[in-house]
Amino acid sequence: MQRIINALARNKNTVLFFLLLILSIYFLNSRSYYHQTKISKIGLILSGNLNNFSSSLIRYSRLRNENKLLVKENLFLKSNKIRKTYRNNKLITLKEKIYFPFLFKTAKIIKNSYNKRENFIIINKGKTDGVKMEMGVINSEGIVGIINQVSKNYSSIISILHNDLKINAKIKNTSYYGFLSWNGNKINIMTLEDIVSTANISIGDTIVSGGMSSYFPSDLTIGKISSLIKSKNDGYYTIEVELFKNPSQWEYVYIVENKDFQEIKNLQRKN
């Protein structure tokens, strides 16, 4: 209590000024209609700004939960879409049973490199979340990469923006397959190799996952053909593919678990 009294005593002039100011405003507000109107207007502005600021804080505090709900909803929609595409490609009717070996779980990117020759991504899911090495990783509009290291709570992903990573891909609604890789230049441009020059394709055609690997389901959208050059020497196209989503904007991803992965890998070892 004594400290408060001492503080007031040291700043008595300032305290007196504010007391007189408050009294002046009070008398002006109660005795003059003009000043009452002006003060009410200022009070309305201040009140509106304070309410807006407080509501913004509340919205921000709720944003994390809303984002989690949206990611879960997007996961549900994405998995259903992939499952439906898988069914249609296998020509399976709704009455027939379908074996779909892929499971999905969400994760958030906490570090994303895209300005090197060999780029990696760190996500906030690890062994405790059931994440394992060599699981594929996708997002809402394409392929992100393949998990190469796992710790207790985090995982590292070899990004598609890595010189050593090649993804099996094809032209949508065709049987033309190739390998998609990054040439190290623009972060949103990939190169599609091994497409023969006799293939009937054109700029704007959609590129999807080929399904000939155990990492990803088939027909996941990846990007579209942005450049197409027919080589006269080797009989193959030189194709540039523009990704549907710029890697610098990646935030949330879906980890792909193939329930048959180990069985397929064991067979490959025997051959």
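Is at least one residue of the range 219-230 out of contact with any strand residue (DSSP E or B) (no Cβ under 8 Å at 6 or more places or on another chain) and surrounded by fewer than 17 Cβ atoms within 10 Å (Cβ to Cβ)? No. Of the residues making up the range 137-196, those that are assigned to a loop (DSSP other than H, G, I, E, B) and over 21 Å from Asp219 (Cα atoms) are Ser151, Lys152, Asn153, Tyr154, Asn163, Asp164, Asn183, Gly184, Asn185, Lys186, Ile187.
Any residue in the range 180-189 that is modelled with pLDDT of 90 or more and either over 23 Å from the mean Cα position of the chain (by Cα) or among the acidic types (Asp, Glu) (or both)? Scanning the range 180-189, I find no residue that is modelled with pLDDT of 90 or more and either over 23 Å from the mean Cα position of the chain (by Cα) or among the acidic types (Asp, Glu) (or both), so the answer is no.
Considering every residue within the range 248-259, establish whether at least one is over 23 Å from the mean Cα position of the chain (by Cα), of a type in the set (Lys, Arg) and either in a loop (DSSP other than H, G, I, E, B) or modelled with pLDDT of 90 or more (or both). The answer is yes; a qualifying residue exists.
Contact annotation: residue pairs with Cβ atoms under 8 Å, 6 or more positions apart or on different chains, pairing a residue in the range 95-122 that is over 25 Å from Lys166 (Cβ atoms) and of a type in the set (S, T, N, Q) with a partner that is modelled with pLDDT under 90 and surrounded by fewer than 17 Cβ atoms within 10 Å (Cβ to Cβ), are Thr106/Lys72; Thr106/Leu75.
Among the residues of the range 143-191, those identified as among the basic types (Lys, Arg) and surrounded by fewer than 21 Cβ atoms within 10 Å (Cβ to Cβ) are Lys152, Lys166, Lys172, Lys186.
Screening Tyr254, Tyr176, Tyr215 for residues that are among the aromatic types (Phe, Trp, Tyr) and over 20 Å from Gly145 (Cα atoms) leaves exactly one candidate, Tyr176. Number of residues in the range 216-254 that are in contact (Cβ under 8 Å) with a residue 60 or more places away in the chain and of a type in the set (Gly, Ala, Ser) equals 3. Look at the range 175-203: where a residue is under 17 Å from Leu161 (Cα atoms) and a partner is of a type in the set (Phe, Trp, Tyr), sitting 6+ places away or on another chain with Cβ atoms under 7 Å, you get Ile187/Tyr114; Met190/Trp182; Glu193/Phe179.
The values are calculated or read from the model by the stated rules, or taken from the named source; none is laboratory data. Keep in mind it's a predicted model, so treat the numbers as computed, not measured. Every residue, glycine among them, receives a Cβ derived from its backbone with ideal geometry; neighbour counts consider all protein chains shown.
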